[in-house]
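Novice: Submitted below is the structure of interest, expressed as structure tokens.
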Amino acid sequence: MRRKWERIGKTQGIDSFFHLAWNVNSISWRETPSQRELIKNTEIFLQTVKSFEYILSTGSCQEYLPKPHKLKEDSELAFDCNYVIDKHAMHNSFKEYSNSTGAGFSWVRLFNIYGKGDHPNRIVSLLLNAAKTGLEFQLTKPDHALDLLNVEDAVNGLLKVGVERCSGTYNLGSGISVKPSSIRHFINLTREANFDISTSNALKDSFNLARIADISNLLSLGWKPQHSLSQDLLFMLRDSDVRVD
């Protein structure tokens, strides 16, 4: 495998590396097994290809400790489970490569992504499926605020950073706090009362301790979210079998 990577690096003239892969337990990210072996393989790859001029990789909002305010990129970090420990390890490996080779490096921390094709165990999919089937389920953390971003906005954010080869750490989220209980309430109102909410702040909640992004750094690059959760929920309800008059 090492020889194959060396051949690819030398013959293809690769100058950029986007690392987006990660193995996550979809039911409980805290129970994700250690990724050390996979990280080790990536480190071997970096050792064999010295031609990279730029690297982009994705971190996670779970790297941060929850706070009663929006999180900046230098906010306090957590080290309380394999998932975040391994994220930090991968970040450090890329940083070491950048320092030793002079390659540009960006670490983009993704907040809570939703959208078409989302995993059925994620909160927006769970709530939409409950509305579709008529089955109720108990929210384990109904008032735990989340920062939810449409996958198209997430892709455009990554492209903005990557195409312009921006170096540094960036938060990629909406910057808006939303509680699962509010999403369920919104869906119920929409279904039962033809409640058409079109404002981007329709689901904005206050929060105590949470992981909500300060997205100032990405906004300064000219990127901004184009989707609102309320509009997306309406579209997704109408595209499903759920009755919305």
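Novice: Modelling each spin label as a point 7 Å along the Cα-to-Cβ direction, I'd like the Asp118/Asp15 distance in nm, to one decimal.
Specialist: 3.8 nm
Novice: Cross-link partners among lysines for Lys204, C-alpha distance below 23 Å, same-chain residues fewer than 8 apart left out?
Specialist: Of all the lysines, those that pass the test against Lys204 - Cα under 23 Å, at least 8 places apart if same chain - are Lys67, Lys70, Lys72, Lys116, Lys141, Lys179, Lys224.
Novice: For a paramagnetic label modelled at 7 Å from the Cα of His69 toward its Cβ, which residues of segment 210-225 fall within the zone defined by backbone nitrogen distances under 16 Å?
Specialist: 210-217
Novice: On to the next question. What percent does the relative contact order of the chain come to when contacts are Cα pairs within less than 8 Å and at least six residues apart?
Specialist: Relative contact order for the chain comes out at 21 percent.
Novice: Going 7 Å from the Cα of Asn25 in the Cα-to-Cβ direction, what parts of segment 59-93 have a backbone nitrogen less than 13 Å from that spot?
Specialist: Zone members listed by number: 81-84.
Novice: Quick one: length gained pulling Asn208 to Lys50 fully straight, 0.36 nm per residue minus the C-alpha distance?
Specialist: In short, 52.4 nm is gained.
Novice: When the Karplus curve 6.51 cos²θ - 1.76 cosθ + 1.60 is applied with θ = phi - 60°, which whole-Hz ³J(HN,Hα) does each residue of segment 162-172 get, with x for Gly and Pro?
Specialist: So the Karplus estimates, Gly and Pro as x, are x, 5, 8, 6, 6, 9, x, 9, 9, 8, 10 Hz.
Novice: Measure nothing fancy, just the Cα-based angle from helix 123-133's long axis to the longest principal axis of the chain, in degrees from 0 to 90, nearest 10.
Specialist: Helix 123-133 sits roughly 40 degrees off the main axis of the chain.
Novice: Cut-off under 15 Å on the C-alpha distance; same-chain residues fewer than 8 positions from Lys95 excluded. Which aspartates and glutamates are left, in chain and number order?
Specialist: Glu43, Glu53, Asp86
Each value in this text was obtained by applying a stated rule to the coordinates, not by laboratory testing. Because the structure is a prediction, the values reported are computed rather than measured. FYI the Cβ positions are ideal-geometry reconstructions off the backbone, even for glycines, and counts take in every protein chain you see.
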